[in-house]
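First up is the structure itself, then whatever we jot down about it.
The values are calculated or read from the model by the stated rules, or taken from the named source; none is laboratory data. What you see is a predicted model, and the numbers here were worked out from it, not measured in a lab. Backbone-built Cβ (ideal geometry, glycine too); neighbour counts: all protein chains shown.
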Amino acid sequence: MLRLRARARSRQGTARATLTTPAAKFSLNRRTGGWVLHDAGGLEVFRCTTTDFTGSASEFALRLAEGESIFGLGESSGPFNKRGLIREFWNADVLGHASCIHPGLKNLYVSIPFALSLREGRAGGLFWHNPGRQIWDIGCTEPEEFRLRAATGALDVYLFLGPTPADVVARFTELTGRIPLPPRWALGYHQSRYGYANREELEQIAREFRRRKIPCDALHLDIHHMDGHRVFTFGRSFPRPREMLARLARHGFKAVAIVDPGVKADPQFGVLKRGRARRAFVKTRDGRRDFVGKVWPGKSLFPDFLNPSVRHWWAQEQAAFQKLGLAGIWNDMNEPALFDTPGKTLPDACEHLNPDFQAVAEPNQPSQVRSNRTSHAALHNLYGSAMAEASHDGALLAAPDRRPFVLTRSGYAGIQRHAAVWTGDNSSSWEHLAESIPMLLNLSLSGVAFCGADVGGFLGDCTGELLTRWTQLAAFTPFFRNHANIDSRRQEPWAFGPRTEALCRDAITLRYQMLPYLECLFAEARRTGAPIMRPLLWHHPNDPAAVVCDDQFLLGESLLVAPILRPGARARSVYLPRGLWFDFWSGGLYEGGQHIIAEAVAEHIPVFVRAGAAIPTGTPRQSLSGERDTTVNLHVWPHGRSQLVWHEDDGESLGYQRGQFSTRQVECVDRGTVRELVLGQAEGSFPSQTLAWRVILRCVRRNYRVWVNGERVPAEFDPTLGICLFEVPNRPVAMVVRWR
Ligand code: MIG
């Protein structure tokens, strides 16, 4: 609302106040606290019927229009459309959160009180910036009423205009921030397990990947590496960690170590001593004593990450640890999760002294948290985000020009600025495989573009078929990590025999081939806030069948992924939105705007390509460290047009933040008999490493004559593959490639 005021004409009568901008009109009834937001066309975006800020809690209610759907809300289990449900924002450790195990589960590890409303193809957004407990009754009690309540704190609400979902999310992420570019290796495949118990086991896993030629870039160290669960340590089962990490690095493996917030209450422990000396820990309700609670290390103290000097101290501690050769940090239990308190987190009355935390990215927002003393209850949902920010800072202290990789379980709106998010303890079940799709789509719509679920499922025992289908799906999700619980059966790609291994290898290899496309999508997410993994409604908000679709997703604009979600499935129904689509595997052409039946072969899941797409791909490799490709494949599909921003940078330094990247528009134009690929002039100061484009015209039946800026180049036709292939030297000038 404040943002609206900045450019608005306002009129304040006694009973009504209105704000008018070229884009919208907001009118407030001061007697009832009700308000209405209309867009420029006079259409209602939100109507608030009552507002109540008497007392310490605040509350307001919106009217739900007929056919209105509500998406976003950060991380949640259950259906994609949240209308009809009650959701709570209170970060908590929930074991096995699939809705079949926990029907009606209301809260999870990440709280993002942001709603994307969609009605008749028009989107609007709402964010209630308040990190205390919130309860949203989204048409559950009253089918046409969306009631929002917070237990503490201010009524600090932001409204975002569409008309498209992309407009809303662009504005929401303008406020809360967009993802930084991850290091390139982090886009590869990660392998984890709770826990690789010792150095030999970890090194054996690394050897197996290389021996079996399964691409892998990262190995995760769960709590077993520590000395008695003391944070930032390596215990005796991982001797000479520096040498171990260097050795893994030589074989192309980055190591990511878990870091939980609890600091063991061991008076001899350096981290504890230094933290105490700095008064770094969350206090009990009287504000004088350090709060002590139980978690993995036993009795533990909890760093007060909401305080900037504590974040700085933690960053230093982490940097010293990371300098051993750790490429990434994995923040777990940072809701924070406690074992023995009634609420399984810090008690509400615990005190934070001098909290000062910029929860939203936009400077000069009045909503920044700042005071002398605040109860934990008022700030609870920020604890995870504040820890992730400290971790991100720590990574930068350890290596000032290297892109941090931080993975977090807990967070609040804006978490994407500091960490990737994984969806915590799911289970090895088909239900949870299916549920990971709406979960990741809603997280993505809430600004968290870099997200993923534990591949294969965390709790329980996976099967070869489930692992295969999960790996085939997750190869198309932004964060791609296989992880399993301590008492689950082994879940590495080879754990279920050679057939599963081969299928998983193929899926992971395909991921590596897709890397250039993925990099473009990450760059787009950074530039505009657009999710990498998108619901169909992102590009088809006016198509009711696309809007409800929660068992398929788009990877960028061009790929439609329709995973196999049932054991033994021989086929599945796939909804293709309007337009023409190609079967990615067979090249078959389909008319969209209908459901089709796709065959479910074991080798891959159904994937479709939008007609006219251009998809850059690379050579498969075992890991992403090392030289990048000098030739980029550009697969061009017929019968349509498309646009993509090609992005290139060094993949590891922060140079891109200083403008050291290069981009160019890649446009496919269909002029009937003549087709064109227009490569815009390269922009930006990063010298392109690409020497040539290998253009692959897909689904063609004959050879073509090809011109690059008017000059003929030779092309080759492969009738069995149905492709026509030619090379275009990569020059920074604009190029028009034409074929007929
Ligand atoms: O109490 O570190 O979600 O990924 O393997 C469980 C052990 C603590 C929970 C995480 C999971 C991790 C596990 N952790």
- Item | Considering residues of segment 290-307 that are within 16 Å of the ligand (Cβ to nearest atom) and not basic (Lys, Arg) only, the residue nearest to Thr374 (Cα to Cα) | Phe302
- Subset of segment 575-617, residues surrounded by 19 or more Cβ atoms within 10 Å (Cβ to Cβ) and polar (S, T, N, Q), comes to Thr617
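Quick one: would you say His595 is assigned to a strand (DSSP E or B) and touching a helix residue (DSSP H, G or I) at 6+ places or on another chain (Cβ under 9 Å)?
yes
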- Task: Filter segment 618-645 down to residues that are under 30 Å from Arg210 (Cβ atoms), surrounded by fewer than 20 Cβ atoms within 10 Å (Cβ to Cβ) and among the hydrophobic types (A, V, I, L, M, F, W, C), then give me how many there are.
- Result: 0
- Give the residues of segment 342-363 that are among the charged types (D, E, K, R) and at pLDDT 80 or above, sorted by residue number. Lys344, Asp348, Glu351, Asp356
- Task: Report yes if Arg278 is at pLDDT 95 or above and away from the ligand (no atom under 16 Å from the Cβ), otherwise no.
- Result: yes
- Task: Report yes if some residue within segment 236-243 is in contact with a Gly (Cβ under 6 Å, 6 or more places away or on another chain), at pLDDT 95 or above and buried (at least 21 other Cβ atoms within 10 Å of the Cβ); otherwise report no.
- Result: no
- Condition check for Thr164: of a type in the set (S, T, N, Q) and either closer than 21 Å to Leu440 by Cβ or touching a residue at least 40 places away in the same chain (Cβ under 8 Å) (or both): yes
- Task: Hey, can you tell me all the residues within segment 723-735 that are farther than 18 Å from Thr663 by Cβ and surrounded by 15 or more Cβ atoms within 10 Å (Cβ to Cβ)?
- Result: Ile723, Cys724, Leu725, Phe726, Glu727
- Message: Take Ala98 and tell me if it is at pLDDT below 95, touching a Lys or Arg at 6+ places or on another chain (Cβ under 6 Å) and not hydroxyl-bearing (Ser, Thr, Tyr).
- Response: no
- Does segment 458-469 hold any residues that are within 16 Å of the ligand (Cβ to nearest atom) and under 18 Å from Arg505 (Cα atoms), and which are they? Cys462
- Query: Is there any pair with a first residue in segment 459-488 that is modelled with pLDDT of 95 or more and among the basic types (Lys, Arg) and a second that is within 16 Å of the ligand (Cβ to nearest atom) and not in a strand (DSSP E or B) whose Cβ atoms are under 8 Å apart and which are 6 or more apart or on different chains, and what are they?
  - Reply: Arg481/Ser192
- Task: State whether the residues of segment 28-40 include one that is under 23 Å from Val168 (Cα atoms), surrounded by fewer than 18 Cβ atoms within 10 Å (Cβ to Cβ), among the polar types (S, T, N, Q) and modelled with pLDDT of 85 or more.
- Result: no
- Note on the structure: Within segment 296-306, residues surrounded by fewer than 21 Cβ atoms within 10 Å (Cβ to Cβ) and within 31 Å of the chain's Cα centre (by Cα) come out as Trp296
- Any idea which residue in segment 75-95 is nearest to the ligand (Cβ to nearest atom), counting only those that are acidic (Asp, Glu) and assigned to a loop (DSSP other than H, G, I, E, B)? Asp93
- Task: Only one of these is in contact (Cβ under 8 Å) with a residue 60 or more places away in the chain, touching a helix residue (DSSP H, G or I) at 6+ places or on another chain (Cβ under 8 Å) and over 29 Å from Gln134 (Cβ atoms): Leu346, Leu326. Name it.
- Result: Leu326
- Task: Taking the residues in segment 96-129 that are among the basic types (Lys, Arg) and not in a loop (DSSP other than H, G, I, E, B) as candidates, determine which candidate is nearest to the ligand (Cβ to nearest atom).
- Result: Arg119
- Message: Looking at Arg610, Arg572 in this structure, which one is over 24 Å from the mean Cα position of the chain (by Cα), farther than 30 Å from Ala249 by Cα and modelled with pLDDT of 95 or more?
- Response: Arg572
- Message: For the structure I just gave you, tell me whether Glu557 is closer than 18 Å to Leu441 by Cβ and either surrounded by fewer than 21 Cβ atoms within 10 Å (Cβ to Cβ) or at pLDDT below 95 (or both).
- Response: yes
- Do we find that Val310 is surrounded by 20 or more Cβ atoms within 10 Å (Cβ to Cβ), more than 16 Å from the ligand (Cβ to nearest atom) and of a type in the set (Val, Ile, Thr) in this structure? yes
- Query: Pick from Val157, Val168: which is of a type in the set (A, V, I, L, M) and surrounded by 24 or more Cβ atoms within 10 Å (Cβ to Cβ)?
  - Reply: Val168
- Is it true that Ala257 is modelled with pLDDT of 95 or more and more than 16 Å from the ligand (Cβ to nearest atom)? no
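Looking at Ala249, is it closer than 30 Å to Ile205 by Cα and assigned to a helix (DSSP H, G or I)?
For Ala249, the condition - closer than 30 Å to Ile205 by Cα and assigned to a helix (DSSP H, G or I) - is met.
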- Message: Take residues that are surrounded by fewer than 24 Cβ atoms within 10 Å (Cβ to Cβ) and more than 16 Å from the ligand (Cβ to nearest atom) and tell me which of the strands (runs of 3 or more DSSP E) falling wholly in segment 359-457 contain 3 or more.
- Response: 373-375
